[in-house]
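Structure, as C-alpha cells:
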Amino acid sequence: MSIPVLTQKLLAAKKAKGLSFADLEKVLARDEVWIAALFYGQATASEDEASKLASLLELEPDAIAELMSYPLKGLGPVVPVDPLLYRFYEILQVYGMPMKEVIQEKFGDGIMSAIDFTLDIEKIEDPKGDRVQVTMNGKFLPYKKW
C-alpha cells in the first residue's frame, strides 16, 4: 500500500511533536480513529478542523485544502499484505458470513452503515497479554422494496 505524501507529512509532524491521536482528539473534538482516517485521506476535514490541525502541526497552508478535499476511499489491493490489516481481512473471511447471518436474524435483510458509523479501539489490560477491543457501531439500513 502506497502512503500518500500528505499522510507522510502529517504522521511525521505528529511524531515530531510527540502527539498521539488521543491528544489530537482533544484539540479537534473528533474521535482518534476518525482523525487517523483523516490522516490517511479517508475522511474530509472542515475548514476549522483543517486549520487547527495545520496550525498545531505547523504544516504549510496548502495542507488545509488537501485536508478538506473529498477522499477516494478504500485500501487499494484486495488482500492487504500488512499483518495487522490482514488479520481483519482474515476475520471477515472466517466470521463474515456468520456475522451476516446473526445481523440479519436480529434485524432483517439489510446492511450496517459505514456512513452513519463509529469505530472505537480500546486497550484491555490482561495478565495473559493485553487485548485489543474493536467496537463497530453502525446504523442498520434495511433493503428497500420497490
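Here are the numbers for the structure shown:
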item	result
Exposure proxy ranking, count of Cβ atoms within 10 Å, fewest first, for I91, I35, I115, I103	I115, I91, I103, I35
Helix-only CD estimate at 222 nm, as mean residue ellipticity for the chain, using -39500 (n - 2.57) per DSSP H run (n ≥ 4)	-15000 deg cm²/dmol
Taking T7, T135 and counting other C-beta atoms within 10 Å, the order from fewest to most	T135, T7
Region 1-102: GluC sites (Glu not before Pro) in DSSP coil with no more than 11 other Cβ atoms inside 10 Å	E58
Counting DSSP beta bridges with both ends in the chain, the antiparallel % (nearest 5)	100
Lys, Arg +1 and Asp, Glu -1 on Cβ, resulting dipole of region 5-68 about Cα centre, debye, nearest 20	260
Note, ³J(HN,Hα) from phi for region 60-67, Karplus 6.51, -1.76, 1.60, rounded to Hz, x at Gly and Pro	5, x, 5, 5, 4, 4, 5, 5
Calculated diffusion of the chain, Stokes-Einstein form, Kirkwood radius summed over Cα pairs, 10 °C and 1.306 mPa s, µm²/s	90
Top positive-direction residue, dipole computed over the chain with Cβ charges, set A29, A63, P4	P4
Dipole axis of the chain (+1 Lys, Arg; -1 Asp, Glu on Cβ), positive-most option in Y95, G74, S113	Y95
Normalised alpha carbon radius of gyration of region 5-68 [divisor 2.2 N^0.38 Å]	0.95
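Here, each number is a calculation from the coordinates, and none is a lab measurement. Just so it is clear, the structure is predicted and the values come from calculations on it, not from any experiment. Ideal geometry is used to build each Cβ from the backbone, glycine not excepted, and the neighbour counts take in all protein chains shown.
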